[in-house]
Ligand code: COI
């Protein structure tokens, strides 16, 4: 159990007016959680302190070799003023998987959860309540040794910041348009694709700029070997409904194991829908689109929730899905996941945890 010191911020900020839309990832709350690590001493000095700039040596290893990890989860306020976290255990498990992959010391899961609970509780009044909003929780760890040379750091900082957010995409729940990339790749099996680390996101930027310039919100990645099998989208996992069957790429070592992905799979199975986690090629998707059996496409992610996809562009081919509208299953998944998150639908799967 952590002994968390609480240093109240002397510069409390105004809480955003809920009548103005919350642009994702732009506003931060009054406090942050911080804990330090040193080889030989372990994780220590847990504190909740003012959200403020941090001071690091220019030689800190994170700036040079990218030894850093992050997570993303959300807190929600229910109508009866309870605060719920959605499946924090899954994020903590994934965080420690990432830590192992990139040689960052693990954080005991009870301590990780206690840290999340402490910071969310400290800034609970920042949790927005308008439909489609929530408090985004961003835990991350950075390597802080002042050292120029490639090896794991001996010192780290674990920080959790909070951001009241609206939808990740400007489209909200309206379908997004996605660009299928077949030039660059995001990750390969054996690399760090299944870890949640900044390196995977920086690898995506050049394609994302290209896609944005062409009027698309996100990039869909193909596998790094055959440039043929669907992997994931920049900020979400991807699902297809083809001829009545829900299909999503199986986890293969280069795909991020999304918590919302896992939740959608569990819900589809609970509803008795045929669902396959398997390799799915871009040719199969294109043929389904041509033959009219590509019934729905949607992405899943903590930030993105369930995001219907209205158009896929692959080379010169444009595939319109549902005439650009929202499919019934995407809508049902969105309503169910957000209903559970907000405590409006009975949580029979025990996914929420009260703060
Ligand atoms: C999340 O969905 O929480 C993520 O970390 C994706 C990020 C690109 C916002």
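Couple of notes before you dig in:
- Enumeration of residues in region 193-206 that are more than 17 Å from residue 91 (Cα to Cα), part of a helix (DSSP H, G or I) and within 14 Å of the ligand (Cβ to nearest atom): 199, 200, 201, 202, 205
- Only a single item in (1) out of contact with any strand residue (DSSP E or B) (no Cβ under 6 Å at 6 or more places or on another chain); (2) away from the ligand (no atom under 16 Å from the Cβ); (3) part of a loop (DSSP other than H, G, I, E, B) is not met by residue 257, and it is number (2).
- Lone unmet requirement of (1) crowded, with 16+ Cβ neighbours inside 10 Å; (2) closer than 20 Å to residue 34 by Cα for residue 103: (1)
- Flag if residue 172 is within 30 Å of residue 121 (Cα to Cα) and in a loop (DSSP other than H, G, I, E, B): yes
Readers should treat all values here as calculations from the given coordinates under stated rules, not as data from a laboratory. These numbers were taken from a predicted model, which means no experiment stands behind them. Neighbour counts are summed over all protein chains in view; Cβ atoms, including those assigned to glycine, are modelled from backbone coordinates with ideal geometry.
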